[in-house]
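**Student:** I'd like to ask some things about the structure below.
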Amino acid sequence: MDTLFDKDGINVVRNFLTLQEVSDINNELDLLFSQESRNGSLYSTTVDEITKKVTLPNIAVRSVNLLELALRVRDSLKKNSKNFLNATYKLTNVSIFEEKNHIKSLPWHTDNRPGMIRSTIYLQGGGKNSGAFQYMVGSHIRDYYVKHHLSNNQVKELSEKIIDIYAPMGSLILFDSFGFHAKRICIEKRRIIMFEFQKEGLLYKTSSIPFSSINLSKTVLDNMDFFTNDASLYDHGCDVYFRNTITTTARRKFKNLLLVLRYNLRKIIG
């Protein structure tokens, strides 16, 4: 479904990455997700029994310059949003993660941060059983407050505004996270790159944008102001994992395995 970003709060750019770019990135991520980061190595961090994140993606990933990619996403936002074009935005987080065997959908909610925009680039998944993104068009310009999650009655009342985003690998989803959004179950693997942008002067938490000399192309150097933000101290985005040891217990893994087996059994039985 084609949308107007400022009016609807969401826009989809199909084939934002070429198939070759998607293939190159996925080949590298297969390696990074195959091991845990330890003893100084940069691989992945296990967030919980279903989710892994690449540790320091701007430094660990070499198949694509993620800072240049962030600028490409910014340029797409400029083309799709007059509001974005007429304001100064900063890059405030870069994340790459994958998830699998999540039998529960992400509930309808708002991030309650007006002036923050997120983007998702699908590398794998995004289908009915692999975390398809959902959005309520126009909900970002509502005139009422919701603390975080919507009630069942609110979801029912706004059901006509719901769109499901099914887009091929390499597609870019731009969305105003103040609007109501959700995600379908993720039994099959979902792998994405996520960029976050915040309007200059906001007081929301931000994360640092690590640099490697390999990223410092002329395009990046010419846009250094875009990457400078007043990063919070280890409490947003990937920064959360700098000084926190996250472990997944065997008990939690076993419990999740039972849930997945029960889900698949129900599908077989019908």
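The values are calculated or read from the model by the stated rules, or taken from the named source; none is laboratory data. Because the structure is predicted, anything quoted here is derived from the model rather than measured. Cβ sites come from the backbone with ideal geometry, for glycine too, and all protein chains shown count toward neighbours. Only protein heavy atoms, including side chains, enter the accessible area calculation; ligands, DNA and RNA are left aside. Shrake-Rupley method; radii C 1.70, N 1.55, O 1.52, S 1.80 Å.
**Student:** Between ILE163, ILE103, ILE121, which is touching a helix residue (DSSP H, G or I) at 6+ places or on another chain (Cβ under 9 Å) and at pLDDT below 95? Talk me through it step by step, then tell me what you get.
**Tutor:** Values: ILE163 fails: at pLDDT below 95; ILE121 fails: at pLDDT below 95.
Every option except ILE103 fails the conditions.
**Student:** Could you give every pair whose Cβ atoms fall below 9 Å, whose first residue belongs to the stretch 100-125 and is closer than 30 Å to ASP30 by Cβ, and whose second residue is open to solvent by less than 10 Å² (accessible area, probe 1.4 Å) and of a type in the set (Asp, Glu), counting only separations of at least 6 or pairs across chains?
**Tutor:** Partner pairs satisfying both residue conditions: ILE117/GLU196; ARG118/GLU196; SER119/GLU196.
**Student:** Give the residue that is nearest to ASN15 (Cα to Cα), with candidates limited to residues of the stretch 82-96 that are modelled with pLDDT under 95 and out of contact with any Asp or Glu (no Cβ under 9 Å at 6 or more places or on another chain).
**Tutor:** Ranking the qualifying residues of the stretch 82-96, first place goes to LEU85.
**Student:** Here's a follow-up. Tell me which residues, restricted to the stretch 53-64, are in contact with a Ser or Thr (Cβ under 6 Å, 6 or more places away or on another chain), at pLDDT 90 or above and either among the polar types (S, T, N, Q) or buried (at least 21 other Cβ atoms within 10 Å of the Cβ) (or both). Break it down into steps so the answer makes sense when it comes.
**Tutor:** So in the stretch 53-64, the residues in contact with a Ser or Thr (Cβ under 6 Å, 6 or more places away or on another chain) come out as 53-55, 59.
Going one step further and asking which of them are at pLDDT 90 or above, we end up with 53-54, 59.
Hits for the stretch 53-64 are LYS53, VAL54.
**Student:** HIS109: farther than 26 Å from ASP225 by Cα, at pLDDT 95 or above and surrounded by 15 or more Cβ atoms within 10 Å (Cβ to Cβ), yes or no? Explain how you work it out, then say what you get.
**Tutor:** Numbers: farther than 26 Å from ASP225 by Cα: yes; at pLDDT 95 or above: yes; surrounded by 15 or more Cβ atoms within 10 Å (Cβ to Cβ): yes.
Yes.
For (1) over 26 Å from GLY179 (Cα atoms); (2) surrounded by 15 or more Cβ atoms within 10 Å (Cβ to Cβ), each residue gets a yes or a no:
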position: ASP30; (1), (2): yes, no
position: PHE33; (1), (2): yes, yes
position: VAL47; (1), (2): no, yes
position: THR51; (1), (2): no, yes
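**Student:** Among the numbered criteria (1) touching a Ser or Thr at 6+ places or on another chain (Cβ under 7 Å); (2) part of a strand (DSSP E or B); (3) over 15 Å from ASP176 (Cα atoms), which single criterion is violated by VAL94?
**Tutor:** (1)
**Student:** Under 9 Å between Cβ atoms, at least 6 apart or on separate chains: pull out the pairs that start in the stretch 48-67 with a residue that is in a strand (DSSP E or B) and end on any residue that is small (Gly, Ala, Ser).
**Tutor:** From residues that are in a strand (DSSP E or B), the pairs are LYS52/SER44; LYS53/SER44; LYS53/SER95; VAL54/SER37; VAL54/SER44; VAL54/ALA60; VAL54/SER95.
**Student:** Could I ask something else about it? Of the residues that sit in the stretch 73-89 and are without any contact (Cβ under 8 Å) to a residue 40 or more places away in the chain and either of a type in the set (D, E, K, R) or assigned to a loop (DSSP other than H, G, I, E, B) (or both), which one is nearest to SER177 (Cα to Cα)?
**Tutor:** Here is the first cut: in the stretch 73-89, the residues without any contact (Cβ under 8 Å) to a residue 40 or more places away in the chain are 75, 78-79, 85-86.
Remaining after also requiring either of a type in the set (D, E, K, R) or assigned to a loop (DSSP other than H, G, I, E, B) (or both): 75, 78-79, 86.
Working: ASP75: 19, LYS78: 17, LYS79: 19, ASN86: 19 Å.
Once the filter is applied, the top-ranked residue is LYS78.
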